[in-house]
Amino acid sequence: MVNVIGLGYIGLPTALMFASHGVEVVGTDYNKELVATLNAGKTTFEEKGLDELFSEALNSGIKFTTEYQVTDTYIVSVPTPYDKDTKKIDACYVNAAVKEIMRVCPKGATVVIESTVSPGTIDRFVRPIIEENGFKIGEDINLVHAPERIIPGNMVYELLHNSRTIGADSKEIGEKIKKLYSSFCLGDIVVTDIKTAEMTKVIENTYRAVNIAFANELAKICRYDDMDVYEIIRICNMHPRVNILTPGPGVGGHCISVDPWFLVGDYPELTKVIGESMKINASMPEFVLERIKSIMQENNISDFSKVGLYGLTYKENVDDYRESPTLQLLECCESKNISGFKSYDPYITKDIVTNQYHDFDEFLNDTLLVVILVSHDEIKNNMDKLKDKIVLDTRKVSDKDGIYRL
Ligand code: SAJ
């Protein structure tokens, strides 16, 4: 039986995927409310195909509990934030989960860490916890790192089809866990050592962060000297070896805006490009605020309450608002004593900020300047509703003339 620890954005779909492919699974989370919701037959976030997968997993007998199980395989899928001062990984949730596992696990068990961790984290934190509990790694307990690669918005498809990396101390254990993931994963599974697996995962997200930062920096240069960044990127990308990403109002989510900091924290002298890239991405919400102020001035709008922020999530068509550029923008406003912005997001039904609307038309009625911060399908399909508005489109949702851009 596999005991999946942590039933969040990664742990839940992973647990469901194993269960719907014939693996006996118990999902454990310390959040009682979350476990109660799952036991009541409801999923805890919106994701394409997740409800169907949930039903299949329930039919296959998946169970949810707050208790750690006595079993032979554990998969740890808990958050790994970073310390805002040191930029180093904060492994407290992984450490706590491994300590709990050690209280119940029998000899011979395998502990798989799925959570994203910086290179060396398993050596520094996880191994000592196992050894302190009197187990010999490789004999009594096997350790594996199996980072995920799925993208919110297309998680179910990517869980099935993406290739994966498995890091293990021995080839034999690596192959054993590869076989387990092969129960559902159709992509190639590479077996390597633990530190290599740790580094590859962090690098994948760092690669994307650096490339987004490059696009964001181009947007700033083009704004400064009145050039069209989108047209320039479009033309450059016709070169066979150029593929520039899309500038935006910032980088959110719990991966790309977080993981590269681990490297900056651990290798401060060696991460010049990465460190600057993270700063550029983090500067985008303020850049958008400055854009808003200059557009307000140009259009004689002095009241911030006439400005509506469209989109609160960190990207399109998901309900996840962790570290979202809009929330970063509102934080920036707070630090500058600017208040009054209205906001709306079709995916956020509860109130998470002040002046938040829950109806698109009411939101539009009360605003003069609409700032598009997330390219949800709703806005893409309803741009005609904005025809009488002043629009700042930070996501290039529309090609129309007369719209302000980054
Ligand atoms: N963004 C831009 N411009 C772009 C692309 C993205 O501004 O051209 C912004 C998005 O709007 C968003 C942020 O960047 O705010 C991150 O979004 P994303 O879609 O690039 O990535 P995530 O954070 O949802 O998921 C990433 C993925 N990693 C890579 O693409 C390398 C995913 O495969 C990982 O599984 C996930 O991180 C994770 O859990 O680590």
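Structure data summary
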| quantity | calculated |
| --- | --- |
| Whichever residue in the stretch 314-355 is assigned to a loop (DSSP other than H, G, I, E, B) and under 17 Å from Asn382 (Cβ atoms) and, among such residues, is nearest to the ligand (Cβ to nearest atom) | Glu316 |
| Those residues of the stretch 221-253 which are within 25 Å of Asn205 (Cα to Cα), assigned to a loop (DSSP other than H, G, I, E, B) and not hydrophobic (A, V, I, L, M, F, W, C), in sequence order | Asn237, His239, Pro240, Arg241, Asn243, Thr246, Pro247, Gly248, Pro249, Gly250, Gly252, Gly253 |
| Residue list for the stretch 131-155, restricted to those being touching a strand residue (DSSP E or B) at 6+ places or on another chain (Cβ under 9 Å) and within 16 Å of the ligand (Cβ to nearest atom) | His145, Ala146, Pro147, Glu148, Arg149 |
| Selection from the stretch 311-336 of residues that are surrounded by 19 or more Cβ atoms within 10 Å (Cβ to Cβ), among the polar types (S, T, N, Q) and over 17 Å from Ser257 (Cα atoms) | Asn317 |
| Asp366 vs. criteria free of Cβ contacts under 8 Å to residues at least 12 places away in the same chain and more than 16 Å from the ligand (Cβ to nearest atom) | no |
| Filter pass, Asp399 being open to solvent by 30 Å² or more (accessible area, probe 1.4 Å) and farther than 21 Å from Arg291 by Cβ | no |
| Residues within the stretch 387-406 that are in a loop (DSSP other than H, G, I, E, B) and within 25 Å of the chain's Cα centre (by Cα), tallied | 5 |
| Test for Glu52: is it touching an Asp or Glu at 6+ places or on another chain (Cβ under 6 Å), open to solvent by 30 Å² or more (accessible area, probe 1.4 Å) and over 29 Å from Glu172 (Cβ atoms) | no |
| Number of the exception - Lys387 against (1) at negative phi; (2) at pLDDT 95 or above; (3) of a type in the set (Lys, Arg) | (2) |
| Condition broken by Ile212, with the remaining ones in (1) in contact (Cβ under 8 Å) with a residue 40 or more places away in the chain; (2) open to solvent by 40 Å² or more (accessible area, probe 1.4 Å); (3) within 30 Å of Gly250 (Cβ to Cβ) satisfied | (2) |
| Residue among Thr28, Thr86, Thr37, Thr71 that is at pLDDT 95 or above, of a type in the set (Ser, Thr, Tyr), surrounded by 13 or more Cβ atoms within 10 Å (Cβ to Cβ) and out of contact with any strand residue (DSSP E or B) (no Cβ under 7 Å at 6 or more places or on another chain) | Thr37 |
| Any pair with Cβ under 6 angstrom, 6 or more apart, that starts in the stretch 335-346 at a residue that is without any contact (Cβ under 8 Å) to a residue 40 or more places away in the chain and ends at one that is assigned to a loop (DSSP other than H, G, I, E, B) and of a type in the set (Lys, Arg) | none |
| Unique residue being farther than 23 Å from Ala97 by Cα, within 16 Å of the ligand (Cβ to nearest atom) and of a type in the set (Asp, Glu) when the list is Glu158, Glu175 | Glu158 |
| Contacts under 6 angstrom Cβ, first residue in the stretch 7-25 being in contact (Cβ under 8 Å) with a residue 24 or more places away in the chain and charged (D, E, K, R), partner away from the ligand (no atom under 16 Å from the Cβ) and open to solvent by 10 Å² or more (accessible area, probe 1.4 Å), 6 or more apart | Glu24/Met1 |
| Any hit, the stretch 356-373, residues being assigned to a strand (DSSP E or B), more than 30 Å from Cys255 (Cα to Cα) and not charged (D, E, K, R) | yes |
| Given (1) acidic (Asp, Glu); (2) surrounded by fewer than 23 Cβ atoms within 10 Å (Cβ to Cβ); (3) within 15 Å of the ligand (Cβ to nearest atom), number of the condition Glu276 does not satisfy | (3) |
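The values are calculated or read from the model by the stated rules, or taken from the named source; none is laboratory data. For clarity, every value in this text was computed on a predicted model and none was experimentally measured. All Cβ positions, even for glycine, are placed from backbone atoms using ideal geometry, and neighbour counts span all protein chains on display. To get the accessible areas, we keep the full protein, side chains included, count just its heavy atoms, and leave off ligands, DNA and RNA. Shrake-Rupley method; radii C 1.70, N 1.55, O 1.52, S 1.80 Å.
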